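The values are calculated or read from the model by the stated rules, or taken from the named source; none is laboratory data. Predicted, not measured: the structure shown is a model, and the values here were computed from it. For neighbour counting, all protein chains shown are included, and Cβ atoms are generated from backbone atoms with ideal geometry for every residue, glycine included. Surface areas here come from the heavy atoms of the whole protein model, side chains and all, with no ligands, DNA or RNA. Shrake-Rupley method; radii C 1.70, N 1.55, O 1.52, S 1.80 Å.
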Amino acid sequence: MTDAIFPGGSPPGKRLHSRRHFLALSLFSIAGMRSNAFASAGSARIVAIDWSAAESLLALGVVPAAVSDTGYFRQRMPLPLPDDVRDVGPFWEINRELLADIAPDLILINSSSLIMTPDIAKIACVEIVPEKAVSGDRYDLTIDILRHAGGAAGLEPSRMDAVAAQGLERISALRARLPVSTRRICVLLPDQTGRGVVIYGKGSLPEAVLQRLGLENAWQGPVNAAGIFQTGFDALFDIGEAIFVLIDIPALRHQTTKALETSALWQSLPSVRQGRTRWIEQFYPFGGCVSALHLAEAITAALEGAGR
């Protein structure tokens with residue numbers, strides 16, 4: 001098992017949160033609580049096809065037997081994945097033979113992935129990861145996922161409560177570091193072609209994190225059911241002064257950067273002209289509580305780096 005961790009820290013410059021920079025926070029100071037949790041979780045072999053469930057297990061100190069697409073997980077997610085975690089393939093094409101060989105006690109998956117691979121239910125018990133918060137926003141959903149994953153691992157509810165409280169305490173501490181007057185934030189995923197962006201608005205995890213930091217999401221325009229909106233660069237002229245936090249897709253970074261550098265429209269945006277852009281590595285916008293805290297750390301670093 002691993003220690004429960006949350007990532008953090010921020011290297012200098014405009015590239016935030018290198019994969020080698022983590023703030024490891026132990027969420028349990030009582031050795032007895034930790035050892036008892038590990039003992040109860042050790043008897044269950046869990047395969048986490050859903051990444052938010054996988055990161056929740058890791059935050060709780062539980063290592064899943066396998067995760068979907070481990071190589072890409074390590075590129076996108078803000079916490080380390082042990083080398084002995086097996087790869088059952090991408091969520092849309094699970095390796096059934098390997099899954100059967102692992103012989104898990106439980107598979108954690110989201111409903112859309114299960115639709116693509118319904119026959120995995122013949123291999124092991126399947127549980128659907130929560131996809132809508134019982135109450136509250138997208139951050140509250142990360143806590144629901146944390147509780148579900150911990151319950152599946154046989155952990156005591158107090159352990160999930162402690163992890164959830166630690167995350168909220170850290171975000172409160174980050175909020176206290178921010179000046180009263182701060183820039184507005186727009187979280188974006190640039191298209192690799194340099195022709196448009198995906199923007200994260202109301203109902204998204206970035207929106208929920210911004211609210212907990214006491215910040216305003218610069219994008220108040222339309223969104224879909226997932227809280228995102230795909231548009232051209234021209235829509236960004238209407239949001240006024242803002243810091244652009246750009247989500248990095250490692251495999252596409254070179255192509256995306258080159259496309260943005262040669263886009264006259266992108267370069268003419270006020271935030272870009274004035275150097276108010278920051279890249280965030282290893283952020284998965286549909287992730288869990290660790291992803292949320294990682295974004296909060298990155299946004300705080302971006303604002304402090306902007307001198308506001």
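Some points to look at:
- Evaluated against (1) of a type in the set (Ser, Thr, Tyr); (2) over 30 Å from GLY71 (Cα atoms); (3) in contact with a Phe, Trp or Tyr (Cβ under 8 Å, 6 or more places away or on another chain), TYR284 falls short on exactly one condition, (2).
- Scan region 180-197 for residues that are in contact with a helix residue (DSSP H, G or I) (Cβ under 8 Å, 6 or more places away or on another chain) and within 17 Å of THR300 (Cβ to Cβ) and the total you get is 6.
- When region 188-218 is limited to residues that are out of contact with any Gly (no Cβ under 7 Å at 6 or more places or on another chain) and at positive phi, the one that is surrounded by the fewest Cβ atoms within 10 Å (Cβ to Cβ) turns out to be GLY214.
- Filter result (out of contact with any Lys or Arg (no Cβ under 8 Å at 6 or more places or on another chain) and either in contact (Cβ under 8 Å) with a residue 60 or more places away in the chain or under 10 Å from THR300 (Cβ atoms) (or both)) within region 165-175: GLN166, GLY167, ARG170, ALA173, LEU174
- Flag if ASP84 is of a type in the set (Asp, Glu) and out of contact with any strand residue (DSSP E or B) (no Cβ under 9 Å at 6 or more places or on another chain): yes
- The single condition among (1) within 19 Å of GLU55 (Cβ to Cβ); (2) more than 17 Å from the chain's Cα centre (by Cα); (3) touching a residue at least 12 places away in the same chain (Cβ under 8 Å) that ARG147 does not satisfy is (2).
- Yes/no for ALA149 being small (Gly, Ala, Ser), touching a strand residue (DSSP E or B) at 6+ places or on another chain (Cβ under 9 Å) and at pLDDT 95 or above: yes
Residues are listed down the side, and each one gets a yes or a no for (1) touching a residue at least 40 places away in the same chain (Cβ under 8 Å); (2) within 29 Å of ASP161 (Cβ to Cβ):
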| position | (1), (2) |
| --- | --- |
| SER52 | yes, yes |
| PRO82 | yes, yes |
| GLU97 | no, no |
| VAL126 | no, yes |
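- Matching helices (runs of 4 or more DSSP H) fully within region 238-308 where at least 2 residues are open to solvent by 10 Å² or more (accessible area, probe 1.4 Å), more than 24 Å from THR182 (Cβ to Cβ) and in contact (Cβ under 8 Å) with a residue 60 or more places away in the chain: 253-261
- Which listed residue, of PHE229, PHE233, is in contact with a strand residue (DSSP E or B) (Cβ under 8 Å, 6 or more places away or on another chain), open to solvent by less than 40 Å² (accessible area, probe 1.4 Å) and under 14 Å from CYS186 (Cβ atoms): PHE233
- Considering (1) modelled with pLDDT of 95 or more; (2) closer than 30 Å to LEU174 by Cβ; (3) in a loop (DSSP other than H, G, I, E, B), the lone condition that GLY9 does not fulfil carries the number (1).
- Within region 209-237, the set of residues being part of a strand (DSSP E or B) and closer than 20 Å to PRO179 by Cα comprises just one member, ASN217.
- Positions within region 173-208 being part of a strand (DSSP E or B), among the aliphatic types (A, V, I, L, M) and more than 21 Å from TYR139 (Cβ to Cβ), in sequence order: VAL197
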